[in-house]
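Asks: The structure's right below; bear with me while I get my questions together.
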Amino acid sequence: MQVQIISARKVKESSGGGYKMFRGLGQGIKAYHYAVVFADGKRYETQTEYEHPGQKIEFNKQQQIEDAIKWHTKQVEKNNLEQIVIINNKLQYFTKKLLTLSKKEIDFFKHKLFPILNQFTRLQQIIKLGSKYNIPLRQIRELTELGYIYYFNNIIRGLDKAGGMAAFNKVVADYEKLPTLTTRTSTIVDLAQYSTPAPVAYLFGEFAGEVEIAFDPTAGNGMLFLNVKAKEKYGNEISLYRLKNLNYQGINTTYFDATKEFPEDYKQKFDFVVTNPPFGTFPPMKFDKYEITSLEHYIVLKALETMKPTGKAAIIVGGNVNYDTNGIITPGKFRQFLFYLYSRYNVVDVLNCSGDLYYKMGASFPITIIFIKGITHQPKYPPRVDFDFSTGMTNSPNQIQHFEAIKSRVENLI
Ligand SMILES: C[S@@+](CC[C@H](N)C(=O)[O-])C[C@H]1O[C@@H](n2cnc3c(N)ncnc32)[C@H](O)[C@@H]1O
């Protein structure tokens, strides 16, 4: 890629506070977005956040950022600049080399690991093999997951010609057999990098059907694309290890912070948005009258802005939805999130799932799966849920314990 910058200019400001914000009287922060256009016509939009309420505006900020971009671009020119992003006023740039698996890693993956992947019973055995070839521990884990993706993809391509979710049983059976991804490095914990179980990823692909263009805002190693039949796949990710694996699969990658704005041309661009964001808390943020306080809820809502009005979305968020004895969602973060979702989107199903479905991926936290088909022009409220209180469960009703039950629910949606 040619890296000469044609322009780096401020394209918009976002805050929501208008003049009050300008005077430091409003709430929140002011964000400035920059478009950086390269000589080959590629255009990147970046966002930087530096102005908090009450802070004095520095009028030379834009010039400083332009200068920084130009300077850094020169430094990395010879290394083939791929992407440039500003996060918290810090310029980050990525070269082809940084985003590509090395020859050593590819050789290990292709010739040593993948051909015998289903013979391993414990991750420890794979780690032993990888260390023999001097592959760092963290990379061994990620390459193992990449191996799972190729492994299941082969099964699906072989069996699904028959249609009718023919590969489902084999995907579940082999998922149970493959080694558990138990390594818990600090990055895995900090960025909540627990990947989606293959059977769930498979069912998401069935829900999507054939689409032109799909997007995962926190794509990890690409597990959620496992069974997505899209002409183009876009994966955004913050971990360099994982970006390498996404690139290896031919996925269009970007390194944006998913809690910030995606580029302007991502708005309503994708037929299918699929996501399992990191779970955590987030500074309260208003969406209409609803207050969003979860990291994953916030990322989901930003990601849904990239879905076409007639698109579909399959979403995983942390925890289960609790209901009162009238079948109404109990007050709290889920209520705010789901009330907002139903007011904007055509939510077609919400599934409370047991954390046990996740144990193979190194986690055991219960999850909720949400399916969406397009936006709605007639705001709705979440429907009341009928369930059996005689079982002694007063919350998390009808928690799904098996992949088979998710399959039945998906079958009702396609
Ligand atoms: C729960 S994992 C899911 C990965 C993949 N989509 C899947 O389902 O297997 C969440 C991913 O989000 C990435 N991540 C965490 N914070 C992020 C952020 N602010 N922006 C983009 N990606 C982020 C992590 O590195 C991790 O790979």
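The values are calculated or read from the model by the stated rules, or taken from the named source; none is laboratory data. Quick caveat, the model's predicted, so the values are computed rather than measured. Cβ sites come from the backbone with ideal geometry, for glycine too, and all protein chains shown count toward neighbours.
Asks: Need the failing condition index for residue 263 against (1) modelled with pLDDT under 90; (2) under 29 Å from residue 154 (Cβ atoms); (3) surrounded by fewer than 19 Cβ atoms within 10 Å (Cβ to Cβ), just the number.
Replies: Only one criterion in (1) modelled with pLDDT under 90; (2) under 29 Å from residue 154 (Cβ atoms); (3) surrounded by fewer than 19 Cβ atoms within 10 Å (Cβ to Cβ) is unmet by residue 263, namely (2).
Asks: If we only count helices (runs of 4 or more DSSP H) wholly inside segment 110-196, which ones have 3 or more residues that are within 25 Å of the chain's Cα centre (by Cα) and at pLDDT below 85? Please lay out each step first, then the result.
Replies: Numbers: elements: 123-132, 137-159, 168-177, 186-190.
Output list reads 186-190.
Residue-by-condition table, conditions (1) out of contact with any Phe, Trp or Tyr (no Cβ under 6 Å at 6 or more places or on another chain); (2) basic (Lys, Arg); (3) under 14 Å from residue 317 (Cα atoms):
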{"site": "341", "(1), (2), (3)": "yes, no, yes"}
{"site": "350", "(1), (2), (3)": "yes, no, yes"}
{"site": "358", "(1), (2), (3)": "yes, no, yes"}
{"site": "375", "(1), (2), (3)": "no, no, no"}
{"site": "380", "(1), (2), (3)": "no, yes, no"}
{"site": "386", "(1), (2), (3)": "yes, no, no"}
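Asks: Residues being in contact (Cβ under 8 Å) with a residue 40 or more places away in the chain and within 15 Å of residue 335 (Cβ to Cβ): count how many of those fall in segment 281-299.
Replies: Looking only at that region, the number is 8.
Asks: Continuing with the same structure: I'd like the full set of residues that are within 13 Å of the chain's Cα centre (by Cα) and part of a strand (DSSP E or B), limited to segment 239-261.
Replies: 253, 254
Asks: Looking only at segment 271-291, how many residues end up being within 15 Å of the ligand (Cβ to nearest atom) and assigned to a strand (DSSP E or B)?
Replies: Residues meeting the conditions: 8.
Asks: Out of the residues in segment 293-302 meeting the condition of being aliphatic (A, V, I, L, M) and more than 10 Å from the ligand (Cβ to nearest atom), tell me which one is farthest from the chain's Cα centre (by Cα).
Replies: Filtering segment 293-302 for residues that are aliphatic (A, V, I, L, M) and more than 10 Å from the ligand (Cβ to nearest atom), the one farthest from the chain's Cα centre (by Cα) comes out as 301.
Asks: Now a separate question. Could you check residue 213 against (1) surrounded by fewer than 24 Cβ atoms within 10 Å (Cβ to Cβ); (2) within 9 Å of the ligand (Cβ to nearest atom); (3) of a type in the set (Val, Ile, Thr) and say which number it fails?
Replies: Result: residue 213 passes all but (2).
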